[in-house]
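Please treat every number below as a calculation from the coordinates, not as lab data. Since the structure is predicted, the reported quantities are computational estimates derived from the model, not experimental observations. Glycine also receives a Cβ, built like all others from the backbone with ideal geometry; neighbour counts cover every protein chain displayed.
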Amino acid sequence: MLKKRLDGLIDVLDAETTNYEIFETSSFNVNELDKIAGTIFEKYPTVDTVIAANDYLALRIMQEAQQRGLSIPADLQIMGYDGIPFSNMVYPKLTTIKQPVYEMGEAAATLMVKMLNGEVDSIEEQILPVSLQKGGSLR
């Protein structure tokens, strides 16, 4: 699923002829976010926009930017993905792509029950719509 998300992002950036670099992390472990955020600023000292793979990483990058004296969004724009409640508890609020987590859980539980009852032989991918949750982290 992350591959499809990245492919979609690349398609849009390429269509807009936007210059970008992809920074891949080896882990989404919350305990490694400090190291990842620091590495981003060391590797890309003039970065002005970050589209993070999840809100936790986006929030940690925001924090690191502010600790380095950068203003969000004037100096650094940032966008996350997930729509976690914490994204509304920071200033500025994080702009994020909000996933329908309740509906995702409901669809997974429904599929599991159908599988247990022998009503489904194979699993088909379901893609649920996401929405843009506007915050103040983009210009």
- line: By residue number, the members of the stretch 89-124 that are out of contact with any Gly (no Cβ under 6 Å at 6 or more places or on another chain) and among the charged types (D, E, K, R) are E103, E106, K114, E119, D121, E124
message: Restricting to the stretch 112-139, count the residues that are of a type in the set (A, V, I, L, M, F, W, C) and under 29 Å from A52 (Cβ atoms).
response: 6
- request: Taking the residues in the stretch 1-34 that are within 16 Å of the chain's Cα centre (by Cα), closer than 24 Å to P129 by Cβ and charged (D, E, K, R) as candidates, determine which candidate is surrounded by the most Cβ atoms within 10 Å (Cβ to Cβ).
  value: R5
message: A52 - would you say it is touching an Asp or Glu at 6+ places or on another chain (Cβ under 9 Å) and small (G, A, S)?
response: no
field: Evaluation of S131 against (1) surrounded by 13 or more Cβ atoms within 10 Å (Cβ to Cβ); (2) under 18 Å from G8 (Cβ atoms) (one fails), failing number
entry: (1)
task: Working only within the stretch 83-113, note down all residues that are assigned to a helix (DSSP H, G or I), surrounded by fewer than 13 Cβ atoms within 10 Å (Cβ to Cβ) and either free of Cβ contacts under 8 Å to residues at least 24 places away in the same chain or β-branched (V, I, T) (or both).
output: P85, V101, Y102, G105, E106, A108, A109, T110, M112, V113
- prompt: Looking at the stretch 46-76, which of the residues that are in contact with a Phe, Trp or Tyr (Cβ under 7 Å, 6 or more places away or on another chain) and among the charged types (D, E, K, R) is nearest to L132 (Cα to Cα)?
  reply: D55
task: Inspect the stretch 37-51 for any residue being assigned to a loop (DSSP other than H, G, I, E, B), closer than 19 Å to L138 by Cβ and either small (G, A, S) or in contact (Cβ under 8 Å) with a residue 40 or more places away in the chain (or both) and give the result as yes or no.
output: no
